[in-house]
Amino acid sequence: MNVVLAVKQYVSKMIEESGPGMKVLLMDKETTSVVSMVYTQSEILQKEVYLFERIESTNRESMKHLKAICFLRPTKENLEYLIKELRRPKYSVYFLYFSNVISKSDVKSLAEADEQEVVAEVQEFYGDYIAVNPHVFSLNIVGCYQGRNWDPVHLYRSTQGLTALLLSLKKCPMIRYQLSSDMAKRLAEGVKQVITKEYELFDFRRTEVPPLLLILDRSDDAITPLLNQWTYQAMVHELLGINNNRIDLSRVPGISKDLKEVVLSAENDEFYANNMYLNFGEIGTNIKNLMEDFQKKKPKEQQKLESISDMKAFVENYPQFKKMSGTVSKHVTVVGELSRLVSERHLMEVSEVEQELACQNDHSNALQNVKRLLQNQRLTELDATRLVMLYALHYERHSNNALSSLLNDLRVRGVSDKYRRLVSAVVEYGGKRIRGSDLFSPKDAVAITKQFFKGLKGVENVYTQHQPFLLDTLDQLIKGKLKDNLYPYLGPNTLRDRPQDIIVFMVGGATYEEAFAVYNLNRTTPGVRIVLGGTAIHNTKSFLEEVQAVGFQGRSGEGYQAAVKSSVRR
């Protein structure tokens, strides 16, 4: 169950089936992202694809010496563009590949438009999702909610994306969903409907234990997407933002022109592949080792690498090193920027208190620590607000709840009205009244320990206690203990054996912390293969956009009326 490989094989097959000769790859906005996640432009160039065009582009030249490989989503707009294209073809022959099921009536319309008989092939290749990691996929949808219901457009797109995922992995699963979420149920029903309607497509070789699709809702765990992260991939997304493997570094002080946007892809970057799940301290050490290996070749210019700023200086002073290893200069820049942000935003301190809020139950200590940090003017608006959000979610019904005082602290330090409103919106989105599960099970108050990595100054390795709630859900599922009354099956059949192939889909978006947890489960649980997907892969900023899109205008859950009236609704 490797989603990157599944999409990669589709793209290879399209190119192979068109035969030898020069080709153009004609795509839409979404399929361009799908392909770019699994292939670099230079890799595709080696397969005689010399031109990449968008179907909607009106100023394409006529090039009758090229074959056209069209990879498109079967949307109404794309079909209209394609019909227009076939009536006045710009290329010699067309191979049409749709990323999802296309109706017979649409195929008929295309055939009628093909008066010059240029179409050689029409096929469905189910690459209708973004393959993020081998075990992680996304649909790149932020804002799928309308209150507690689906935005109908996004429900349709999610149904399509999820059924395409199943077809690409050749799985016809049994379906379970989170009972407390009407949205999870509606998506489960939508997927089941497609499987029933397209039963011939889903007629795969039966396995002894059927695969399982589990549909969950982000609102059951609003804590995970609010936490700072300390493993490489998750941290880059949290602090810099990953958009289809691309990282925008244009705001980094003193950034060189060629590093304003970098690509982090485990498929084409060995260092990233080996380090994406390691913690921040280990990555710093690994970069240091790489650079010391290079220095050994130049003994005269030996210099000690004590910190990340030393490394940056070293890279900048050796143009030939940059030439030899663009990868390393890229990672030194990324880690350098992460290190700068950690220091500038006091994220070690912030993260320690976040962990305490997420994992422990000492109210007075938590309140004291949040209040202390809110006095620190170096904290960003986002970091100050997320601490209050975590407090609000955890101690929502505590008898000594002091949210009104914390909201007042935010107001005093000049936090914008938008962010203060979001505190109660987050509680309304994922508070106790909404959750179908106990997110804060009582735990002993274990003192959080900080491990300082001694090998490299400036990069500390923080021990994080928090485990996403998804890990507990999957652990129960694998052991056959996940309660049917909380996560019912769709339809009369139930799974007697422990599941082996599990596809988890998170309505409202998954996170890289959850992706890391699934990666570890796959590594340590023999015979179990898990793929995690979501409407999006969130960091805190995109998660708060999601919450904002729900449309809760800073209303308050139980116990917050006074707090909200005095501090939020102004």
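Observations on the model:
- Strands (runs of 3 or more DSSP E) fully within the range 92-177 counting 2 or more residues that are modelled with pLDDT of 90 or more and out of contact with any Phe, Trp or Tyr (no Cβ under 9 Å at 6 or more places or on another chain): 93-98
- Flag if GLU61 is over 18 Å from LEU139 (Cβ atoms) and more than 31 Å from the chain's Cα centre (by Cα): yes
- Annotation note: of GLU61, GLU48, GLU17, the sole residue that is farther than 19 Å from ARG157 by Cβ, in contact (Cβ under 8 Å) with a residue 60 or more places away in the chain and outside the structural domain of LEU167 (by the TED database) is GLU17.
- Those residues of the range 29-42 which are within 17 Å of PRO134 (Cβ to Cβ) and either touching a helix residue (DSSP H, G or I) at 6+ places or on another chain (Cβ under 9 Å) or among the acidic types (Asp, Glu) (or both), in sequence order: VAL34, VAL35, MET37, VAL38, TYR39
- Candidates VAL252, VAL262, VAL209, VAL194, filtered to the one that is assigned by the TED database to the domain that holds GLN160, over 15 Å from the mean Cα position of the chain (by Cα) and not in a helix (DSSP H, G or I): VAL209
- Condition check for SER92: in contact (Cβ under 8 Å) with a residue 24 or more places away in the chain and crowded, with 17+ Cβ neighbours inside 10 Å: no
- Qualifying positions in the range 543-563 - at pLDDT 90 or above and either among the charged types (D, E, K, R) or open to solvent by 20 Å² or more (accessible area, probe 1.4 Å) (or both): GLU545, GLU546
- Residue match in the range 349-368 (condition: of a type outside the set (Gly, Ala, Ser) and in contact with a strand residue (DSSP E or B) (Cβ under 6 Å, 6 or more places away or on another chain)): no
- For the range 266-275, residues that are open to solvent by 10 Å² or more (accessible area, probe 1.4 Å) and touching a residue at least 24 places away in the same chain (Cβ under 8 Å) total 5.
The values are calculated or read from the model by the stated rules, or taken from the named source; none is laboratory data. Remember, predicted model here, so these are calculated numbers, not experimental data. Quick reminder, even Gly has a Cβ in these numbers, built from the backbone with ideal geometry, and neighbours come from all protein chains shown. Side chains are part of the model used for accessible areas, which takes the heavy atoms of the whole protein and leaves out ligands, DNA and RNA. Shrake-Rupley method; radii C 1.70, N 1.55, O 1.52, S 1.80 Å.
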